[in-house]
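Working notes for the structure below.
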Amino acid sequence: GESPVVDVRSTNVGVNVTSDHMQNVPNARDVWVVLEEVPAMVMDRYNVGGSESGQQSSFSAGGGTSQNAYNFDGIDITDMAATGAATYFPYDAFDEVQVSTSAHKAEVATPGVFLNIVTRSGSNAFHGLQAFYWQGPALQANNIDDELRENGVEEGDEFKRYIDFTLSLGGKIIQDKLWFYGTYQRQQPEIYPIGFTRADGTRGVNTTALKHILVKLDFQATPQHKISFSE
């Protein structure tokens, strides 16, 4: 095959994860799952089938610190009190996730992993997406074998169900001048945690309801300058 192109002007180590990759590779549909797929990344947990949705993962790369930085369309949204992101994100709004694992650009002040989430924008053509994901007990495997049972492991975490609904729409307000884009996503994993039993003897359920909303406006002020507003 062709040799990879090497940028001799930069020592930065990182990858850009595109929307095609995020949409076509099955995963649990959040930014921390995207990080699981980045080379040299070490995670404190792995979100299998949505089992860890709603739990922001800690991560590091190359033996470095976990003092990481989150940017959203170039704006720093790092929650320094918790060393994590200050919010959750609608997965289908991601156009690209830029991940830098070492040798960051000069404007990055943290020594850990730096990531910038680039979101989709509206265009002159209207476009949208509607999707629904569901998972129940019949779609799960169980790896509890006789050896584990002999060592006291009788059961593992199990889904009661997992629901993921998303709806997005983008388009023009003024041709070649003003565009809009919006996404709504609801994720709801319902899990039977190990050892959680109700007074009547039935298994207790841990429900996490996550609502992600993004509204974005883009205004072409001049041929060289675009102004974006998102919330």
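Given 37 °C and 0.692 mPa s, how large is the Stokes-Einstein diffusion coefficient of the stretch 22-84 in µm²/s, with Rh as the Kirkwood radius over Cα pairs? Diffusion coefficient, whole number: 259 µm²/s.
Normalised by the number of residues in the chain, what is the relative contact order in percent for Cα pairs under 8 Å and 6+ residues apart?
Details: 456 pairs, mean separation 37.2, N = 231.
Rounded, it is 16 percent for the chain.
Please compute, over every Cα-Cα pair in the stretch 188-231, the percentage with a separation greater than 11 angstrom. Cα-Cα pairs in the stretch 188-231 separated by more than 11 Å: 75 percent.
Which loop-located trypsin sites (Lys or Arg not before Pro) does the stretch 158-230 contain, where loop means any DSSP state but H, G, I, E or B and the Cβ has at most 16 other Cβ atoms within 10 Å? Counting only loop positions with at most 16 other Cβ atoms within 10 Å, the trypsin sites (Lys or Arg not before Pro) in the stretch 158-230 are 177, 198. Here, the stretch 156-224 yields an orientationally averaged convex hull projection of 7.1 nm² when only Cα atoms define the hull. Note on the chain: dipole from Cβ charges, positive end direction compared against 191, 165, 228; the farthest Cα belongs to 228.
The alpha carbon gyration tensor of the stretch 92-180 gives principal lengths a ≥ b ≥ c with a/c of 1.5 or higher and a/b no greater than b/c, which makes the shape oblate.
Counting only residues at least eight positions apart within a chain, or on another chain, the lysines with an alpha carbon under 22 Å from that of residue 226 are 172, 177, 216. Relative to the Cα centre, the charge distribution of the chain, modelled as +1 at Lys and Arg Cβ and -1 at Asp and Glu Cβ, gives a dipole magnitude of about 920 debye.
How much of the accessible area of the stretch 44-119, probe 1.4 Å, is carbon plus sulfur, in whole percent? Carbon and sulfur together cover 49 percent of it.
Each Lys and Arg contributes +1 and each Asp and Glu -1, all at the Cβ; summed about the Cα centre of the stretch 91-207, the dipole is approximately 820 debye.
Using 0.36 nm per residue and subtracting the Cα-Cα separation, the extra length available between residue 150 and residue 210 on full extension is 17.8 nm. Taking 0.36 nm per residue of separation and subtracting the current Cα-Cα distance, fully stretching the chain between residue 23 and residue 178 would add 53.1 nm.
The values are calculated or read from the model by the stated rules, or taken from the named source; none is laboratory data. Because the structure is a prediction, the values reported are computed rather than measured. We place every Cβ from the backbone using ideal geometry, glycine too, and count neighbours over all the protein chains shown. Side chains included, ligands, DNA and RNA excluded: accessible areas come from the protein's heavy atoms. Shrake-Rupley method; radii C 1.70, N 1.55, O 1.52, S 1.80 Å.
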